[in-house]
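Input: a single structure, listed below in structure tokens.
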Amino acid sequence: MKRIGLTGSIGSGKSTVARMLSQRGIPVLDADQVAREVSRDPQTLAEVSKAFGPEYITQEGLNRPKVAALVFQNPQARETLNSIIHPRVRARMLELEQNLNSPVVVQDIPLLFEGGLDHTMDATIVVDAPLEQRIERVMVRDGLTREQILARDHTQMPASEKRKRATFVIQNEASLERVEAQLEYILDELGWPFSEA
Ligand code: ATP
């Protein structure tokens, strides 16, 4: 099975590219979605409560606004949260991957390079767009402030560094048609359709 890592900075267009891949019948595993799933697990919640206090969880699961406010300001808390969530996400992603009967899987992982997971991939695709454009898109999509978005962006590896490490870069500063065209080129380079390779 060929493994392709999909990443990029906040608001770059990872989910947009993931949707385009799914539309082509390529399976995509979404690390954010898996993280949401594992963060509902009672054992995860118990560890979060123990690490930060019971006010960080609710009856429904994580108290997301409170947890976000803490970890995007406090690097040590962020590391603690990651050490609780990330190993569980990895284990679940492996399980999901094994259940796929496919010659290829794309893993959409925002912290692909930061977590050193790029070494487990056959190729990586970094989606990128200018900072101001990313901020504007996320402000519209999530209703976050410019400062909140910048605080989140600063917790990640700089976009320029991600570009350097990428096998392929998709520049997402124009139309979705331009993104489709770049994706077509990359899939071609990778040998899509893989089952016929
Ligand atoms: P995050 O890092 O926050 O998960 P992301 O990298 O997955 O974000 P998307 O959700 O794909 O980014 O894109 C951010 C927003 O910008 C979305 O609302 C999306 O519809 C919009 N968007 C992405 N690409 C384009 C484009 N080329 N033209 C117009 N809007 C776009």
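The values are calculated or read from the model by the stated rules, or taken from the named source; none is laboratory data. Please read these numbers as outputs of a predicted model, since none were measured by experiment. Note that we place each Cβ from the backbone using ideal geometry, even for glycine, and neighbour counts take in every protein chain shown. With ligands, DNA and RNA removed, areas are computed over all heavy atoms of the protein, side chains included. Shrake-Rupley method; radii C 1.70, N 1.55, O 1.52, S 1.80 Å.
Worth pointing out:
- Put simply, the C-alpha atoms of the chain give a gyration tensor, and the ellipsoid matching it has half-axes of 29, 21, 14 Å, longest first.
- For the range 1-53, the Rg and Dmax computed from alpha carbons only, in angstrom: 15.1, 44
- Nearest-20 debye value, the chain charge dipole, Cβ charges on Lys, Arg, Asp, Glu: 380 debye
- Helix 75-99 vs. the chain, principal-axis angle (Cα, 0 to 90°, nearest 10): 50 degrees
- Between Asn63, Asn82, Asn99, the GNM of the chain built on Cα springs shorter than 10 angstrom shows Asn99 fluctuating the most.
- Label separation (Asn101 vs Asp122): 1.9 nm, computed from points 7 Å beyond Cα along the C-beta direction.
- Computed with a 1.4 Å probe on the full set of protein chains, the accessible area for Asp118 sits at about 30 Å².
- Residues whose placed amide H lies under 5 Å from that of Ile57, excluding near-sequence neighbours: Asn63
- The range 39-99: Rg to Rh, with Rh as the Kirkwood radius over Cα pairs: 1.01
- Dipole of the range 106-197, positive direction: furthest Cα of Val126, Gln171, Gly116, with charges on the beta-carbon: Gly116
- Within the accessible area of the range 39-99 (1.4 Å probe), percent carbon and sulfur: 50 percent
- Rolling a 1.4 Å probe over the protein heavy atoms gives the chain an accessible area of 55 Å² per residue.
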